[in-house]
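Everything on this sheet refers to the single structure shown next.
Please treat every number below as a calculation from the coordinates, not as lab data. All values reported here derive from a predicted model rather than from experimental measurement. Methodologically, a virtual Cβ is constructed for each residue, glycine included, from the backbone with ideal geometry; neighbour enumeration extends over all protein chains shown.
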Amino acid sequence: MSHRFLIYITLLFAALLPQAAGAQLKTAENLREKWFSEIRQVKRNYFVKELDLSREQQNKFFPLYEEMEDRTFRIDDEARQMGQRIAEAKDATDTEYEKAAEALYDADVQTSQIRREYMDKFKTILTSRQLFDLKNVERKFSREMMRQHNRLRSEKKRN
């Protein structure tokens with residue numbers, strides 16, 4: 001009887017383990033999405049303050065800006081993944097290294113083209129001054145986020 005019970009328990013765990021692993025993966029994905037959503041909201045608040053955006057400007061600007069960010073993120077992510085695959089490959093050829101390098105540089109060109117395309121769209125929403133300040137505000141936001149991240153990491157190390 002105990003032998004059957006052991007087999008039953010083993011089969012039960014074998015059946016539930018993939019579900020548990022899938023649940024953990026979904027939880028990690030949910031946490032990542034939640035984190036991105038929170039960062040996006042912090043970024044919105046920062047931009048509203050720094051660019052002095054009106055409510056009407058906010059309603060028009062952020063959907064476009066976030067669409068642009070999504071497009072450029074996908075391009076950068078694909079190039080990073082390709083570069084990472086080649087960097088981790090022990091037997092990558094010179095041709096593969098060359099193609100990966102081209103992909104990384106092409107990603108920069110593509111994201112610049114997309115940003116330029118959206119700049120033309122932002123002209124209809126932002127004042128000339130706000131449009132001029134946008135790039136600097138993006139840089140300031142990134143620097144501030146890095147400062148916060150480094151501060152939190154150093155606090156964790158002390159504790």
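Here's the picture: charge each Lys and Arg Cβ at +1 and each Asp and Glu Cβ at -1 in segment 49-158, and of Gln81, Phe122, Ser54 the one pushed furthest to the positive end of that dipole is Ser54.
Rounded to the nearest 20, the size of the Cβ-charge dipole of segment 49-158 about its Cα centre is 900 debye, with Lys and Arg at +1 and Asp and Glu at -1.
Simple point charges give the picture: +1 on the Cβ of Lys and Arg, -1 on the Cβ of Asp and Glu, and for segment 80-135 a dipole about the Cα centre of about 540 debye.
Scanning residues 5 or more positions from Leu53 or on other chains, none has an amide H under 5 Å from its amide H, with H placed 1.01 Å from N in the peptide plane.
Run through segment 51-111 and list the trypsin sites (Lys or Arg not before Pro) located in a DSSP loop whose Cβ has at most 10 other Cβ atoms within 10 Å. Within segment 51-111, the qualifying trypsin sites (Lys or Arg not before Pro) (loop, at most 10 other Cβ atoms within 10 Å) are Lys90.
Close amide H contacts of Ala92 (hydrogens built in the peptide plane, cut-off under 5 Å, sequence separation of 5 or more or a different chain): none are found. Shape class for segment 42-149: prolate, because the ratio a/c of the largest to smallest gyration tensor axis (alpha-carbon atoms, square roots of eigenvalues) is 1.5 or more and a/b beats b/c.
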